[in-house]
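Accompanying notes for the structure given below.
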Amino acid sequence: MEDKPCMISSIVDNLRRVFQVVHGHSKKAERETGLTGPQLWAIKVIADSAPIRVSDIAARMYLHPATTVGILDRLEKKGLIARVRSQKDRRSVEVVLTDSGKNVVEKAPEVAQGLLVSGLEKLSSRKLKTLDSGLAQMVQILGAQEIPPQLILSPEVNQPGTRRGRKAKEKNEAQKVIME
């Protein structure tokens, strides 16, 4: 088994790598498209599934619908998406890409958040629990449990729902007990 300093060094180096990749992808996306990572990710999700409901976009991006609406508002102001009434259910609104949005998607680079989520979705529940526990401990070490989860390299904050917020609070309390 490796000694403790080597393991700590490896963990810190891997975190550095993660931040470098996410930062690099986000800066490239912003340079090439003028969009933030979350905005680009949203239009890629829309391109894959349009027409699509806001709640479905939020679910695919693992975001609260209120956060997703803010992202979509900015994309709509830029003329990249449109909200239209569903042909199946006139009470429902769906999101589609405009021609400008389609052009952006065609030329856009990969989005780090999308790569991360697709990779995580492929992991077993056991590996996800291990990873979640380790990251929760890092958050605990940094004293960041109460910080709202800001989207990666974006001013956007994911607004958790009440149920999800309660569950996260319970999890943080459980982590405190583990750390003591």
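Treating the angle as unsigned and between 0 and 90°, give the value, to the nearest 10°, between the Cα long axis of helix 125-142 and the longest Cα principal axis of the chain. Orientation of helix 125-142: about 70 degrees from the principal axis. Ordering Met7, Met61 by the number of other Cβ atoms within 10 Å of each residue's own Cβ, fewest first, gives Met7, Met61.
Rounded, prolate or oblate: pick one for the chain, where a ≥ b ≥ c are the square roots of the eigenvalues of its C-alpha gyration tensor, a/c under 1.5 means rounded, and failing that, prolate if a/b is larger than b/c, else oblate. It would help to have the intermediate numbers written out before the result.
Values: a/c = 2.46, a/b = 1.64, b/c = 1.50.
Prolate, because a/c is 1.5 or more and a/b exceeds b/c.
Would you mind checking segment 37-79 for residues with the amide N under 19 Å from a putative spin-label position 7 Å along Cα→C-beta of Leu123? Under cut-off, by backbone N: 60-63. Between helix 65-77 and the chain there is an angle of about 50 degrees, using the helix long axis and the longest principal axis of the Cα atoms.
Could you calculate the FRET efficiency of Glu146 with Lys28 from 1/(1 + (r/R0)^6), where r is the beta carbon distance between them and R0 is 22 Å, rounded to 0.05?
Numbers: r = 32 Å, r/R0 = 1.46.
Calculated transfer efficiency: 0.10.
Counting trypsin sites (Lys or Arg not before Pro) as exposed when in a DSSP loop with at most 10 other beta carbons within 10 Å, what is the longest stretch of the chain free of them?
Details: sites that count: Lys88, Arg90, Arg91, Lys122.
With trypsin sites (Lys or Arg not before Pro) excluded where exposed in loops, the chain gives 1-87 as its longest stretch.
Cα-Cα over 24 Å: which of Lys28/Lys78; Lys44/Lys78; Lys4/Lys127; Lys28/Lys102; Lys4/Lys27? Long pairs (Cα-Cα over 24 Å): Lys4/Lys27. Among Ser92, Ser26, Ser55, the residue with the largest mean-square fluctuation in a Gaussian network model of the chain, with springs joining Cα atoms closer than 10 Å, is Ser92.
What are the chymotrypsin sites (Phe, Trp or Tyr not before Pro) within segment 5-107 that DSSP puts in a loop, where the Cβ has at most 16 other Cβ atoms within 10 Å? Walk me through the numbers before you get to the answer.
Details: sites: Phe19, Trp41, Tyr62; in loops: Tyr62.
Counting only loop positions with at most 16 other Cβ atoms within 10 Å, the chymotrypsin sites (Phe, Trp or Tyr not before Pro) in segment 5-107 are Tyr62.
Close amide H pairs (under 5 Å, H built 1.01 Å from N) link Arg53 with Val95, residues at least 5 positions away or on another chain. Only Cα pairs under 8 Å and 6+ residues apart enter the sum, and on that basis the relative contact order of the chain stands at 25 percent. From its DSSP helices (H runs of at least four residues, each -39,500 (n - 2.57)), the chain gives a residue-normalised ellipticity at 222 nm of -21500 deg cm²/dmol.
Taking 0.36 nm per residue of separation and subtracting the Cα-Cα distance, what length does fully extending Glu106 through Met138 add? Could the numbers behind the result be given before it?
On the way: separation 32, 0.36 × 32 = 11.52 nm, distance 3.74 nm.
Value of the extension gain: 7.8 nm.
One chain, two ends: Asp89 and Tyr62. Fully extended at 0.36 nm per residue, the span grows by 7.3 nm beyond their Cα-Cα distance.
Since every read-out is calculated from the coordinates, none of them should be taken as a lab result. Since we're looking at a predicted model, the values are computed, not measured. Ideal geometry is used to build each Cβ from the backbone, glycine not excepted, and the neighbour counts take in all protein chains shown.
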